[in-house]
Amino acid sequence: MRSILFLCFSFLYLLAEAHIFVYHRFDDPRYKSADTTATELTKQFEYFKTNGYTVVPLEKIVQKLHKKEPIPDKWVAFTIDDAYKSFYENGLPIFQKYGYTFSLFVYVEATNKRYGDYMTWDELKEASEYGTIGLHSYGHPRLQNLTPDQIVEDTQKAYDLFTQNLGFEPTIYAYPYGEYDDKVKNTLLENFNFQGILNQNTGSVNIKTDPYDVPRIALVAEVNLEHKLRYTTFAVEWFAPEVFPKDGVLKRIHAKVDPKYKKLKLYITGEGWRDVDVVDGIVDHRLDIYLKNTRTRVMLGPDVFTISNKIINKIKPKEKKDVE
Ligand SMILES: [Zn+2]
């Protein structure tokens with residue numbers, strides 16, 4: 001009997017999904033598209049508080065992923081990218097008021113060179129009493145544009161300055177702009193000992209999530225939190241596209257999914273949603289689309305909330321310094 005009960009509960013846990021959110025700026029009207037107002041943040045925190053969500057440190061989720069342990073439902077974790085001054089001034093007091101912990105990812109060059117808009121090392125040290133601090137690169141580059149040596153160089157520089165100034169080593173990393181590919185991921189894994197690496201692909205976290213490829217849902221401007229919490233990750237093994245096509249023309253969507261599906265929905269940036277057929281667990285959809293955007297999101301899933309993301313970015317020789 002006990003084992004049957006255990007099996008039932010295990011099954012429930014297998015379906016359980018945690019959500020990790022990413023914020024950028026707080027109460028900073030100069031940057032509306034990256035901003036969360038104090039009113040909006042308070043509204044979101046009230047929602048989590050009154051609807052039975054448990055706010056946990058990101059590391060707790062990452063540890064479970066390494067141990068391949070089920071993740072309890074209704075767990076949420078908060079992350080903040082770039083360590084803007086506005087987090088220290090306007091966000092942190094609200095996190096403290098609710099007793100909600102967070103992981104803050106430092107853009108090391110900006111902090112180290114004391115760019116006015118960013119937290120200082122002292123402010124980061126103070127914030128580390130309420131949350132954890134992770135790495136968000138040295139120069140905030142588009143990592144896909146760099147060679148493996150350059151990726152190592154940027155990360156090592158960030159790692160050393162972080163450790164010297166804060167007195168502890170970073171164990172978690174978030175990609176600048178959420179952009180990465182296999183080369184970027186493998187370079188970080190082969191050269192550094194991060195426990196968790198985070199992207200910015202919309203989705204949930206469950207027992208199958210790779211701790212080195214953890215999805216986060218962006219919460220900026222006004223959001224419908226109930227919608228965001230409905231997002232769950234759909235299991236897809238992607239074959240194509242792998243990278244941004246050289247000629248800019250997307251010709252094939254090729255992926256492996258659960259064979260129980262006969263039809264799925266496919267989303268492509270600039271194109272919207274379309275239905276695609278699944279034959280024996282394989283999606284093989286031919287198309288001929290010129291990709292106008294430098295960043296294209298391809299999503300596949302049985303419905304718009306149950307999805308797998310594939311983001312392909314055009315490699316640009318020159319980068320623009322707009323931090324995200
Ligand atoms: Zn960033």
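Overview of results
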| read-out | value |
| --- | --- |
| Residue within region 63-79 that is within 28 Å of residue 193 (Cβ to Cβ) and within 16 Å of the ligand (Cβ to nearest atom) present | yes |
| Of all residues making up region 69-113, the number that are on the phi > 0 side of the Ramachandran plot, out of contact with any Gly (no Cβ under 8 Å at 6 or more places or on another chain) and part of a loop (DSSP other than H, G, I, E, B) | 2 |
| Residue check for residue 60: more than 15 Å from the ligand (Cβ to nearest atom), surrounded by fewer than 17 Cβ atoms within 10 Å (Cβ to Cβ) and either under 20 Å from the mean Cα position of the chain (by Cα) or not basic (Lys, Arg) (or both) | yes |
| Scope region 29-42; condition without any contact (Cβ under 8 Å) to a residue 12 or more places away in the chain and of a type in the set (Lys, Arg); matching residues | 30 |
| Members of region 151-183 that are more than 14 Å from the ligand (Cβ to nearest atom), assigned to a helix (DSSP H, G or I) and touching a Leu at 6+ places or on another chain (Cβ under 7 Å) | 151, 155, 159, 162, 166 |
| Every residue from region 128-150 that is within 12 Å of the ligand (Cβ to nearest atom) and either outside the structural domain of residue 83 (by TED's automatic domain parsing) or closer than 13 Å to residue 186 by Cα (or both) | 143 |
| Sole exception among (1) under 30 Å from residue 208 (Cβ atoms); (2) at pLDDT 90 or above; (3) touching a Ser or Thr at 6+ places or on another chain (Cβ under 8 Å) for residue 17, by number | (2) |
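Quick grid of which residues meet (1) loosely packed, with under 14 Cβ neighbours inside 10 Å; (2) among the small types (Gly, Ala, Ser); (3) farther than 21 Å from residue 213 by Cβ; (4) touching a strand residue (DSSP E or B) at 6+ places or on another chain (Cβ under 8 Å):
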residue: 232; (1), (2), (3), (4): no, no, no, yes
residue: 235; (1), (2), (3), (4): yes, yes, no, yes
residue: 238; (1), (2), (3), (4): no, no, no, yes
residue: 244; (1), (2), (3), (4): no, no, no, yes
residue: 249; (1), (2), (3), (4): yes, no, yes, yes
residue: 254; (1), (2), (3), (4): no, no, no, yes
residue: 260; (1), (2), (3), (4): yes, no, yes, no
residue: 273; (1), (2), (3), (4): yes, no, yes, yes
residue: 277; (1), (2), (3), (4): yes, no, yes, yes
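The values are calculated or read from the model by the stated rules, or taken from the named source; none is laboratory data. None of these values were measured; they are calculated from a predicted model. Note that we place each Cβ from the backbone using ideal geometry, even for glycine, and neighbour counts take in every protein chain shown.
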